[in-house]
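**Q** Shown below is the structure under consideration.
Values quoted throughout were computed directly from the atomic coordinates according to the rules given, and no laboratory measurement underlies them. From a predicted model like this one, the values you see are computed outputs, not experimental measurements. Cβ sites come from the backbone with ideal geometry, for glycine too, and all protein chains shown count toward neighbours.
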Amino acid sequence: MGQRIREVMTSNPSTIEPNKTVADAARIMKQEDAGVVPVTENGRLTGMVTDRDIAIRVVAEGKDPKSTPVREVASKDLVTVDPQQDLDEALRLMAKHQVRRLPVVEEDGRLVGVVAQADVARHGDDAKTGQVVQEISE
C-alpha cells in the first residue's frame, strides 16, 4: 500500500473526559456522526467509548446514561497505532484484534487521530481490505 496512517486518519477527533456522562458521549457521536469517542485526560488517550459500549454496558444493564460516567463503560484495553505506520499495519491490527477503529497515538501517548475500517477501505488495496473486513466480521 505504501500510504501512512497519518495520510488517511481522521485528525483531531472530538474527545471526552472520563468524568463526563455517557449521555455526553452519545451527543458527541451524534454531532460527529461517529460510532466512537476517544476518552482522554490532558490530551492522552485513556480509553474509547463506542456505540456498542453504550448499548451493552449502559442500556442493556439499565444504567442511567445521564449519571453514568464514561470511565465506567469505556474500553481501556486498547490497540493503538502510530501515525507513521503504514496502512498494512493498521489492517493487520484490525484483523488480529477484530476491531473496526484504531486510535492513532504518538509515542508520548497523545491522541492525534482515529483510523477506521472505512478510511482504509477508501485508500487501501481492495482485495486486502475485503479480506480484513471478512476477518473482522467473523
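**Q** Exactly which GluC sites (Glu not before Pro) in the range 57-89 are in a DSSP loop and have at most 15 other Cβ atoms within 10 Å?
**A** In loop regions of the range 57-89 (DSSP not H, G, I, E or B), the sparsely surrounded GluC sites (Glu not before Pro) are 61.
**Q** Quick one: angle between helix 126-137 and the longest Cα principal axis of the chain, in degrees between 0 and 90, rounded to 10, please.
**A** 30 degrees
**Q** Where does helix 87-97 land angle-wise versus the long Cα axis of the chain, in degrees 0 to 90, nearest 10?
**A** Between the helix axis and the principal axis of the chain, the angle is about 50 degrees.
**Q** Ranked by Cβ crowding within 10 angstrom, fewest neighbours first, how are 79, 70 ordered?
**A** Going from least to most buried by this count: 79, 70.
**Q** What whole number of Å gives the distance from the Cα centroid of the range 89-110 to the Cα centroid of the range 30-50?
**A** First find each Cα centre; the distance between them is then 14 Å.
**Q** At a Förster radius of 30 Å, what calculated FRET efficiency corresponds to the Cβ-Cβ distance of residue 3 and residue 108, to the nearest 0.05?
**A** After rounding, the FRET efficiency stands at 0.80.
**Q** Dipole size in debye (nearest 20) for the chain around its Cα centre, Lys and Arg Cβ +1, Asp and Glu Cβ -1?
**A** 380 debye
**Q** Restricting to the range 5-137, what percent of DSSP beta bridges are antiparallel, rounded to 5?
**A** Rounded to the nearest five, the antiparallel share is 90 percent.
**Q** Straight-line reach from residue 76: which lysines have a Cα under 27 Å away, not including same-chain ones fewer than 8 places off?
**A** 20, 30, 63, 66, 96
**Q** Same structure, new question: Give me the one-decimal nm value for the distance between modelled label points at residue 42 and residue 76, 7 Å along each residue's Cα-to-Cβ direction.
**A** Computed distance between label sites residue 42 and residue 76 equals 1.7 nm.
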